[in-house]
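First the structure, in the form of structure tokens, and then the observations on it.
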Amino acid sequence: MKDDSCIFCKIANGEIPSNTIYEDGEFRVILDLGPASKGHALILPKSHYKDICEADQAVAEKLFPLAAKLGGAMKQSLGASGFNVVQNNGTSAGQTVFHLHVHVIPRYDGGPQMVAWNPQEANNDELKATAKVIRDTLG
Ligand code: AMP
Ligand code: ZN
């Protein structure tokens, strides 16, 4: 299913040109226009899902293997020494384009740290309570 108002639907389906590095029947992988590093790529499913929660399982389960394949190719072709796989869901998580996509970001020795957060002090009672509330919701 496509969404006519979605730019990533148009890119994934070839209606808008992109710097494509991989394509098959279900996915197009493009270079990000605002890269965090040289080679920063986005895996776009050709079908429209707002985020990972809405994705078909058959599509979702192919994302990690494809990210691994791309990361390996980035190490070989660009000299990256590692890579991050990042996927944002919701505005509070930094999602700005509401068509499911996975970032594959090559990392280079001596380069800037691009995916980081400030670790907070953890309170054991709070960790226990948080674990319980999520576990109970999962069932
Ligand atoms: P997110 O913040 O996870 O929603 O990521 C959206 C990403 O899409 C950002 O890294 C943008 O730089 C990138 N982006 C937005 N529009 C385009 C476009 N037309 N072509 C390539 N990358 C894009
Ligand atoms: Zn879309």
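When restricted to residues that are crowded, with 21+ Cβ neighbours inside 10 Å and basic (Lys, Arg), region 35-54 contains 0.
Note on region 78-118: residues that are closer than 20 Å to residue 62 by Cα and part of a loop (DSSP other than H, G, I, E, B) amount to 7.
Scanning region 105-139 for residues that are among the aromatic types (Phe, Trp, Tyr) and surrounded by 10 or more Cβ atoms within 10 Å (Cβ to Cβ) yields one hit, 108. With a requirement of 3 or more residues that are within 13 Å of ligand 1 (Cβ to nearest atom) and touching a residue at least 24 places away in the same chain (Cβ under 8 Å), the strands (runs of 3 or more DSSP E) lying completely within region 1-75 that satisfy it span 41-45. Is it fair to say residue 79 is away from ligand 1 (no atom under 11 Å from the Cβ), small (Gly, Ala, Ser), within 19 Å of residue 114 (Cβ to Cβ) and crowded, with 18+ Cβ neighbours inside 10 Å? When the stated conditions are applied, residue 79 does not pass them. Restrict the check to region 42-53 and report whether at least one residue is of a type outside the set (Asp, Glu) and in contact with a Pro (Cβ under 7 Å, 6 or more places away or on another chain). For region 42-53, residues of a type outside the set (Asp, Glu) and in contact with a Pro (Cβ under 7 Å, 6 or more places away or on another chain): absent.
Being within 16 Å of ligand 2 (Cβ to nearest atom) and in contact with a strand residue (DSSP E or B) (Cβ under 7 Å, 6 or more places away or on another chain) is a description that applies to residue 18. Criterion applied to 46, 10, 69, 50 was being modelled with pLDDT of 95 or more, among the charged types (D, E, K, R) and more than 16 Å from ligand 2 (Cβ to nearest atom), and the one residue passing it is 69.
The values are calculated or read from the model by the stated rules, or taken from the named source; none is laboratory data. Small disclaimer: the values here were computed from a predicted structure and weren't measured. Cβ coordinates were reconstructed from backbone atoms using ideal geometry, including for glycine residues, and neighbour counts include every protein chain displayed.
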